Amino acid sequence: MTYRGRFAPSPTGPLHFGSLVSALASWLDARAHRGSWLVRIEDIDGPRTIPGAAEDILATLERFGMHADEPPLWQSRRTARYRQALEQLQAGGLVYPCGCTRKEIADSLLHAHARNTTLAYPGTCRSGLHGKPARAWRLRVPDGDAAAITFEDRWQGPQTQNLATEVGDFVLRRADDQWAYQLAVVVDDADAGITHIVRGADLMDSTARQIYLQRCLGVPTPAYLHVPVVTNERGEKLSKQNGAKALNTGEPLAALSAAARHLGLELNTAAEQPTLESFYAAATAAWATQMGVR
Ligand code: GLU
């Protein structure tokens, strides 16, 4: 097997400590497997993208010594592929147009909640638009037990999610004419031949959807590893939205050592004056031992 891994930041701000942990974990896993490591800029969500943030993230990765093996890929340049994938699903009758507004969905969920049923999209438009204009495209998920997706996470262990009861038919093309993250990620990972996905555990909840979508598109399912997320003192996930501080890019080794500690890595650095090179050698060895990579 030729290992191909990736780091896929959304350019909504500069790299912060949480995203450094994901970048480092994916980099170390690729090195431990003697594989390739790619970077993909997830700038598909136009309204959330901050001008200059992608260039800033790429410069920080370089400065920290994480060099990608191929030029970065930009989601904003790949919309033709997302359209093709949607057309493939349309031709197979696997998706349907949805005319529900957020308010209508919220109202029906409230009603469902009152009846103590689940909070998944109730499938209102499965049987047609009921005279409403099409707003979004949804992927139809199977009913009952067939909707249970199981996978083995290399860090978190066995996982299962029932798409019918926990998610419902999910959006691939949004009402605001944007491509949904789930579709873009699956198409990009497949086209890039990604074999191993290493990312933060906040994305665990999307994995079953992505595996189901891979099956619908007839593309392989990579191996998954979700690292523990970094939280702030209030226990919230660190994100650019809740004001996570940008990294001190003047001190790459200090930030990288903290990220390695977050991953539980025991580093044997004999070097008195550690360099990026000696740090990565020690961290890769520790990762290989911890994750059982041979
Ligand atoms: N762009 C996503 C994020 O920054 C990561 C997507 C992925 O790794 O699948 O949260």
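The values are calculated or read from the model by the stated rules, or taken from the named source; none is laboratory data. Keep in mind the model is a prediction, meaning the values are calculated, not measured. Cβ: placed from backbone, ideal geometry, glycine included. Neighbour counts: every protein chain shown. Each accessible area value is taken on the protein alone, full model and side chains, heavy atoms only, with ligands, DNA and RNA left out. Shrake-Rupley method; radii C 1.70, N 1.55, O 1.52, S 1.80 Å.
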Tell me, what are the semi-axes, in whole angstrom and largest first, of the equivalent ellipsoid of segment 165-211 as set by the roots of 5 times the Cα gyration tensor eigenvalues? 19, 15, 9
I'd like the orientation of helix 102-114 relative to the chain: the angle between its Cα long axis and the longest Cα principal axis, in ° from 0 to 90, rounded to 10. 80 degrees
Report the full-extension gain for the segment Asp107 to Val293: residue separation times 0.36 nm, less the Cα-Cα distance, to one decimal in nm. 62.1 nm
May I ask you to evaluate 6.51 cos²θ - 1.76 cosθ + 1.60, the Karplus curve with θ = phi - 60°, for each residue of segment 30-37 and list the ³J(HN,Hα) values in order in whole Hz, giving x for glycine and proline? 5, 5, 4, 8, 6, x, 9, 10
Cysteines without a disulfide-compatible neighbour (Cβ-Cβ under 4.7 Å), the chain: Cys100, Cys216
Over the chain, relative contact order from alpha-carbon pairs under 8 Å, at least 6 apart, %: 24 percent
Between Pro71, Pro97, Pro11, which gets the highest mean-square fluctuation from a Gaussian network model of the chain, Cα cutoff 10 Å? Pro71
Separation of alpha-carbon centers, segment 250-294 and segment 126-175, rounded to whole Å: 39 Å
Calculated [θ] (222 nm, deg cm²/dmol) that DSSP helices of n ≥ 4 give over the chain, each run adding -39,500 (n - 2.57): -11500 deg cm²/dmol
Say we join alpha carbon atoms closer than 10 Å with springs in a Gaussian network model of the chain; which of Ser127, Ser26, Ser36 then has the biggest fluctuation? Ser127
Packing-ranked peptide list from 151-160, 205-214, highest mean Cβ count within 10 angstrom first, is 205-214, 151-160
In terms of modelled amide H atoms, which long-range or inter-chain residues lie less than 5 Å from the amide H of Val219? none
Compute the helix-to-body angle for 276-291: its Cα long axis versus the longest principal axis of the chain, expressed 0 to 90° and rounded to tens. 60 degrees
Residues with amide H under 5 Å of Arg138's amide H, sequence separation 5 or more or different chain, H placed in the peptide plane at 1.01 Å from N; which? Tyr96, Cys98, Leu172
May I ask you to derive the FRET efficiency for Glu251 and Arg34 from their Cβ-Cβ distance with R0 = 30 Å, giving the value to the nearest 0.05? 0.55
Taking Cα pairs under 8 Å and at least six residues apart, what relative contact order does segment 37-167 come out at, in percent? 21 percent
Given a 1.4 Å probe, the accessible area of segment 63-104 per residue, as a whole number of Å², is 59 Å²
Report the label-to-label distance for Glu233 and Thr79 in nanometres (one decimal), using points 7 Å from each Cα along the Cα→Cβ vector. 4.4 nm
Residues with amide H under 5 Å from that of Ile149, placed H, sequence gap 5 or more: Gln161, Asn162, Leu163
Taking all protein chains in place and a 1.4 Å probe, what share, in percent, of the accessible surface of the chain do carbon and sulfur account for? 52 percent
Could you work out how much longer the chain between His67 and Ala146 gets when fully extended? Use 0.36 nm per residue separation minus the Cα distance between them, nm to one decimal. 24.3 nm
Report the gain in length on full extension from Ser127 to Arg215: 0.36 nm times residue separation, minus Cα-Cα distance, nm rounded to one decimal. 29.4 nm
Calc'd 3J(HN,Hα), segment 68-77, phi into Karplus 6.51 cos²θ - 1.76 cosθ + 1.60 (θ = phi - 60°), Hz, glycine/Pro = x, comes to 6, 7, 9, x, x, 9, 10, 4, 5, 9
Which percentage, to the nearest 5, of the DSSP beta bridges contained in the chain is antiparallel? 55 percent
The chain: angle of helix 79-91 to the longest principal axis, Cα-based, in degrees nearest 10: 40 degrees
